[in-house]
Amino acid sequence: MFSSFMTNTWTVATIVAVVAGVVGFFVVLRGSAFVADALPTGAFAGAAGASLIGVSTLAGLTVFSLAGALAIGWLGRRSRHDVATALTLVLMLGLGALFLSFSQEYSAEIYSLLFGEVLGISVNEVAPVAALGAVCIVAILVMFRPLMLSSVMPELGEARGVRSYRIEMGFLVVIALATSMALPVVGALLIFSLMIGPPAAARSFTSNPYVALALCVVIAVAAVWTAIAASYASNWPVGFFVGVIGAVCYAAGRGWTAWRGTRAVRAAAERDSGVPAVAC
Amino acid sequence: MSGILGSVFAPGFFGSEPVHVALAVGSVAAIVSGVLGVFTVMRGQSYAGHAFADISITGGSGSFLLGISPIWGFAGTSVLAAGIMDMIGIQRPRGRDLATGIVRGAALGLAALFLYWDTTHTSTTGATVTILFGSMFAITPSTVPVVLALSLAALGIVAVLYRPLLLSSVSSELAFARGIPVRVAGVACLVAIALAVSLSALTIGAILSTALLIGPAATALRLTTRPGQAMAWAVVIGLVTTWLGIVLAYDSFSWPPARHAWPVSFFVVTLIFLCYLAAHLVSPGQRRDPAVGRG
């Protein structure tokens with residue numbers, strides 16, 4: 001499991017987990033799970049397009065995920081955000097279907113792009129992942145305070161002069177970059193599950209945002225390591241373990257919240273009722 | 001006249017059996033998705049609507065494994081997922097996308113495992129692609145009656161619960177004050193959406209099922225604020241785009257780069273997106289309903 005060819009896997013997976021943990025923390029905080037789902041799923045159409053015209057997969061992914069992020073930001077500005085996300089996603093997938101129909105021998109690669117091919121990472125894949133990962137982390141650090149403010153209290157952020165639309169766009173671009181970094185090596189499903197499960201759990205254990213952020217990275221890294229080890233041992237796809245571990249993390253967080261008693265639940269309910277009222 | 005028709009409809013269009021099935025199944029999917037899509041968009045549950053399509057992949061791949069008809073796998077899994085989503089809190093605004101995401105992540109994880117077993121045990125490598133993208137021209141006519149029956153069931157839920165559903169979609173507080181069991185209505189609505197989406201995912205593919213659910217309804221809700229009218233518009237937009245897509249895909253047999261047709265899903269999705277974009281640009285000033293939230 002720790003032989004030389006696995007070194008790249010462990011390195012890349014750890015970088016991806018750290019980035020996914022940091023970005024995912026804000027994804028969950030801002031309630032943009034759909035975007036974090038749509039960009040990886042839609043971006044893989046870019047990989048299909050890239051293989052069709054013979055450029056690198058990473059370029060195709062980056063172009064598609066950035067274009068998707070900008071489209072979601074622009075369309076979502078004046079209409080329902082989830083509708084804009086859904087329609088951008090299906091448009092990207094429709095293009096993907098078109099590209100795939102032009103190039104026939106692709107179905108195995110789709111499987112690996114969706115579910116991850118984490119056990120076969122070559123050494124020249126490490127550098128781009130590390131570079132893009134660093135860009136994501138730096139971007140989050142630069143935007144940290146306004147991003148936090150506009151995520152937690154958008155009205156207060158506006159009053160303090162935070163341009164929430166710019167922050168939203170910036171954050172979408174960060175998700176897009178994180179997506180295109182992680183997709184070729186770990187698959188769309190893995191990056192998405194890592195962005196959702198660990199942050200959802202971390203948020204239940206503490207209300208301090210900095211502690212939650214740190215906890216979230218720790219859980220994400222632990223989840224990835226467990227998933228790879230289990231995948232290596234059982235030969236089952238790594239996407240299965242990450243998806244299930246993400247759900248288990250979430251369940252653990254929910255269980256913890258419930259166990260802490262009705263008082264904490266009531267406080268959480270009050271916190272939730274602070275956000276705009278909603279149907280259903 | 002016949003010259004124009006001949007240039008629009010490639011020879012053999014009306015005589016082709018796959019085209020008949022595709023038109024029939026596509027129309028059913030467009031009608032059911034149009035009606036349920038209006039509820040989906042109004043309730044801000046687009047993500048759930050999309051997720052059911054992916055989740056039904058788990059059922060599809062699982063039923064390959066068990067050797068049962070995929071239709072029961074598709075429908076069963078997504079109804080089950082609707083129940084789980086409701087249980088872990090799809091009603092709350094902030095938790096909604098999260099709950100959907102968690103369920104979808106776990107379901108796709110299972111799908112990865114099932115597909116892995118499928119491909120290692122039975123070597124059906126094409127299964128992933130078929131399940132993901134569907135193929136309108138490859139529907140077996142024998143599944144059509146089952147699809148029809150289950151679609152009618154989904155529409156039936158909506159017809160029976162029309163007014164309570166509508167009221168609870170617009171304002172859950174008001175519905176609650178009127179004595180409507182909001183939670184039950186919500187579950188029923190989610191189950192109907194799950195049924196409709198999984199059926200259309202099975203027949204026309206996951207991409208098109210999301211596109212037909214969200215696109216026409218969102219476009220219609222930009223054109224009118226009355227739910228009944230919006231449903232009529234959504235059905236019309238869905239039908240027209242589906243038919244046009246099928247015609248274009250049939251025509252594209254003779255387009256470059258030759259050999260085979262362009263995918264139907266590409267045409268339909270593009271047409272739907274263009275419709276939405278047009279509505280978006282024509283009526284940009286429409287205020288976002290605060291009761292519906294950002295979703």
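When A:Pro184, A:Pro128 are checked against the criterion of being at negative phi, modelled with pLDDT under 75 and more than 9 Å from chain B (Cβ to nearest Cβ), a single residue qualifies: A:Pro184.
For B:Phe52, the conditions (1) modelled with pLDDT under 85; (2) more than 8 Å from chain A (Cβ to nearest Cβ); (3) part of a helix (DSSP H, G or I) all hold with the exception of (1).
Meeting the requirement of 1 or more residues that are within 16 Å of B:Ser78 (Cβ to Cβ) and among the hydroxyl-bearing types (Ser, Thr, Tyr), the helices (runs of 4 or more DSSP H) wholly within region B:139-214 are B:143-160, B:182-204. Just one of the listed residues (A:Ala202, A:Ala227, A:Ala182, A:Ala223) is buried (at least 23 other Cβ atoms within 10 Å of the Cβ), assigned to a helix (DSSP H, G or I) and touching a Cys at 6+ places or on another chain (Cβ under 6 Å), and it is A:Ala202.
Is one or more of the residues making up region A:165-176 within 22 Å of B:Val103 (Cα to Cα) and either more than 14 Å from chain B (Cβ to nearest Cβ) or part of a helix (DSSP H, G or I) (or both)? Yes, because at least one residue in region A:165-176 is within 22 Å of B:Val103 (Cα to Cα) and either more than 14 Å from chain B (Cβ to nearest Cβ) or part of a helix (DSSP H, G or I) (or both). Exactly one residue among B:Leu195, B:Leu221 is modelled with pLDDT of 85 or more, crowded, with 24+ Cβ neighbours inside 10 Å and in contact with a Ser or Thr (Cβ under 9 Å, 6 or more places away or on another chain), and that residue is B:Leu195. Filtering region A:51-70 to residues that are surrounded by fewer than 21 Cβ atoms within 10 Å (Cβ to Cβ) and part of a helix (DSSP H, G or I) leaves A:Ser51, A:Leu52, A:Ile53, A:Thr57, A:Leu58, A:Ala59, A:Val63, A:Leu66, A:Ala67, A:Leu70. Taken together, the residues in region A:188-219 that are within 13 Å of another protein chain (Cβ to nearest Cβ) and among the hydrophobic types (A, V, I, L, M, F, W, C) amount to 11.
Within region A:7-31, how many residues turn out to be without any contact (Cβ under 8 Å) to a residue 40 or more places away in the chain, out of contact with any Lys or Arg (no Cβ under 8 Å at 6 or more places or on another chain) and within 14 Å of chain B (Cβ to nearest Cβ)? Result for region A:7-31: 0. Being over 12 Å from A:Ser180 (Cα atoms), more than 10 Å from chain B (Cβ to nearest Cβ) and not polar (S, T, N, Q) is the filter here, so list the residues in region A:35-51 that pass it. If the condition is that a residue be over 12 Å from A:Ser180 (Cα atoms), more than 10 Å from chain B (Cβ to nearest Cβ) and not polar (S, T, N, Q), then A:Ala48, A:Gly49, A:Ala50 are the ones that fit. With respect to B:Leu65, determine if the residue is at pLDDT 85 or above, farther than 18 Å from A:Asp37 by Cα and part of a helix (DSSP H, G or I). So B:Leu65 does not fit the description; no.
Being away from chain A (no Cβ under 11 Å) and surrounded by fewer than 22 Cβ atoms within 10 Å (Cβ to Cβ) is true of B:Val184.
The numbered conditions (1) without any contact (Cβ under 8 Å) to a residue 60 or more places away in the chain; (2) facing chain A (nearest Cβ under 9 Å) are all true for B:Leu274 except (2).
Listed here are the residues, each with its yes/no results for (1) closer than 12 Å to B:Ala29 by Cα; (2) touching a Cys at 6+ places or on another chain (Cβ under 7 Å); (3) at pLDDT 85 or above; (4) of a type in the set (Phe, Trp, Tyr).
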position: B:Leu165; (1), (2), (3), (4): no, yes, no, no
position: B:Leu174; (1), (2), (3), (4): no, no, no, no
position: B:Arg178; (1), (2), (3), (4): no, no, no, no
position: B:Ala201; (1), (2), (3), (4): yes, no, no, no
position: B:Ile214; (1), (2), (3), (4): no, no, yes, no
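Filtered by the rule that a residue be in contact with a Leu (Cβ under 8 Å, 6 or more places away or on another chain) and polar (S, T, N, Q), region A:158-192 gives A:Thr179, A:Ser180. Only a single criterion out of (1) under 28 Å from B:Phe74 (Cα atoms); (2) modelled with pLDDT under 85 is not satisfied by B:Gly238, namely (2). The residue that is nearest to A:Val242 (Cα to Cα), among those in region A:144-164 that are within 13 Å of another protein chain (Cβ to nearest Cβ) and in contact with a Pro (Cβ under 9 Å, 6 or more places away or on another chain), is A:Val152. Would region A:83-103 turn up any residue that is within 14 Å of chain B (Cβ to nearest Cβ), in contact (Cβ under 8 Å) with a residue 60 or more places away in the chain and either among the β-branched types (Val, Ile, Thr) or closer than 22 Å to A:Ser122 by Cα (or both)? Among the residues of region A:83-103, not one is within 14 Å of chain B (Cβ to nearest Cβ), in contact (Cβ under 8 Å) with a residue 60 or more places away in the chain and either among the β-branched types (Val, Ile, Thr) or closer than 22 Å to A:Ser122 by Cα (or both), which makes the answer no.
The values are calculated or read from the model by the stated rules, or taken from the named source; none is laboratory data. Since the model is a prediction, treat every value here as computed from it, not as a measurement. All Cβ positions, glycine included, derive from the backbone under ideal geometry; neighbour counts span all protein chains shown.
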